[in-house]
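Visitor: Just dropping this structure here.
Only the coordinates and a few stated rules stand behind these numbers; no lab work does. Because the structure is predicted, anything quoted here is derived from the model rather than measured. Every residue, glycine among them, receives a Cβ derived from its backbone with ideal geometry; neighbour counts consider all protein chains shown.
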Amino acid sequence: MAPQPQEEEVVDNPTGWVAKHVRRYVETDGRSGHRWYGKDTLLLTTRGRKSGTLRRTALLYGQDGDRYLLVASNGGAPKHPCWYLNLVEHPEVKVQVGAEKFAARARTATAEEKPPLWRLMASIWPDYDRYQKRTSREIPLVIVERV
């Protein structure tokens, strides 16, 4: 019998409450953690642009047909979140939605695509509009598609 390929280690988001959310999501195969304060969340795994390490975080998401939508708000902070910078460099990502796990490709929505998708995401999490007003950077909207 051939040896099984070793799974690459994944490092979870270092923020305490996010790490706890991710751990609960993984341990229960999404039964606990998919819903967060009445909203749907997914787990996004990106490859670190500097370290090459796989990094996982939990994010609110919306859907546009088969596509998943994410907002790189970072709470309106002046800098983009690390997960976004990572997927810009390495757009091949892994996603877990509930119990379902799949490979995907992520990209930033174009200026033409963004307005209706932003309205959809702001209807899910109205704070996104407040975050955009709080920062001078253009908050990216990310489209994630299965491969």
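Visitor: How much net charge surrounds Arg47 when only other residues with a Cβ under 9 Å from its Cβ are counted (Lys, Arg +1; Asp, Glu -1)?
Guide: 0
Visitor: Among bridges DSSP assigns within the stretch 1-67, what percent are antiparallel (round to 5)?
Guide: Within the stretch 1-67, antiparallel bridges account for around 75 percent of the total.
Visitor: Lys and Arg at +1, Asp and Glu at -1: add these up for the other residues within a Cβ distance under 14 Å of Asp12 and post the number.
Guide: Overall, the nearby charge balance is +3.
Visitor: Pull out a ≥ b ≥ c, the square roots of the eigenvalues of the alpha-carbon gyration tensor of the stretch 6-72, then state rounded if a/c is under 1.5, prolate if not and a/b is larger than b/c, and oblate in the remaining case.
Guide: It is oblate, given that a/c is not under 1.5 and a/b is not larger than b/c.
Visitor: For the chain, what is the mean residue ellipticity at 222 nm derived from helices alone (per DSSP H run of n ≥ 4: -39500 (n - 2.57); sum divided by total residues; nearest 500 deg cm²/dmol)?
Guide: -7500 deg cm²/dmol
Visitor: Another question, if that's okay. Could you tell me the relative contact order of the chain? Use alpha-carbon pairs under 8 Å, at least six residues apart, and round to a whole percent.
Guide: This gives 24 percent for the chain.
Visitor: Okay, next question. Going by Cα centres, the stretch 4-35 and the stretch 92-136 are how many Å apart?
Guide: Using only Cα atoms to place each centre, the spacing works out to 20 Å.
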